[in-house]
Amino acid sequence: MSTTILNNSSHLLLAQTLNDLIDRENKLSPAALARALGIPTNKITRILNGDVTDPKASTLLQIANHFDISIDQLLGLKPIVPVGEADSQQTATRSLPVFEFSQGASKAPKEWYRWAENALDGDYYALAIDTDLYEPIFPQNSLLIINPDVEPDDRSYIVLKKTDGLSYCSIKKYVVEGHQIYLYPINPKLPVEVFDKNLYTIAGVILEVHQKLRSKK
């Protein structure tokens, strides 16, 4: 078979992995990689930009061999453990779908983010903050790691969605006072609300905040 047909998530994972691999090598550029492999530079840049959905198997093999990894690792299906760390540290990773905060998780992910797992189980996803409404706690262009399967603790930050079915999301601090639960806004000028399950559903608990995502090369 001369080509490998990738679905949307697979070709975005390929782009993310290849970007990461190039970044790890100080003097490697897309053009230098293309020269080393003997293939056109635009073929590499199109993969990096997530534009290639049907790369040739021979191209994938060339790239994988160059970085001394398997094709499954190149496609993001298996984690890549740096040389020298395989025995000392087995850090499991997974690729999380990244959604634009303003659109919620109702549409297809804009890209995928490779994340080092923690000890909490859950069907994690990531939200890219595309607004300055939640600064300074959650800066614009930061990335939030969300676990929708854990119960929030007192004073956790949570992502809320309206129960009316709209995709609009908001971020609140979940505060327990006695038998009552309150939703504190990030902006102290806005009012505090009593948590009403008839109005809101919790879309997940924010467990990590990461720096700005790398832009496409």
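Things worth noting here:
- Total lysine pairs in the range 94-210 at Cα distances under 25 Å, for residues eight or more apart or on different chains: 20.
- A cut-off of 5 Å between modelled amide H atoms, ignoring neighbours fewer than 5 places along the same chain, links G204 with V159.
- Each peptide in 180-192, 115-127 gets a packing score, the mean of other Cβ atoms within 10 Å over its residues, and the list from highest to lowest is 115-127, 180-192.
- A Förster distance of 45 Å, applied to the separation of the beta-carbon atoms of K78 and I137, puts the FRET efficiency at 0.80.
No lab work stands behind these numbers, since they all come straight from the coordinates. It should be emphasised that the depicted structure is a prediction, and the values quoted were computed from it without experimental measurement. Glycine gets a Cβ as well: all are built from the backbone with ideal geometry, and neighbour counts include every protein chain shown.
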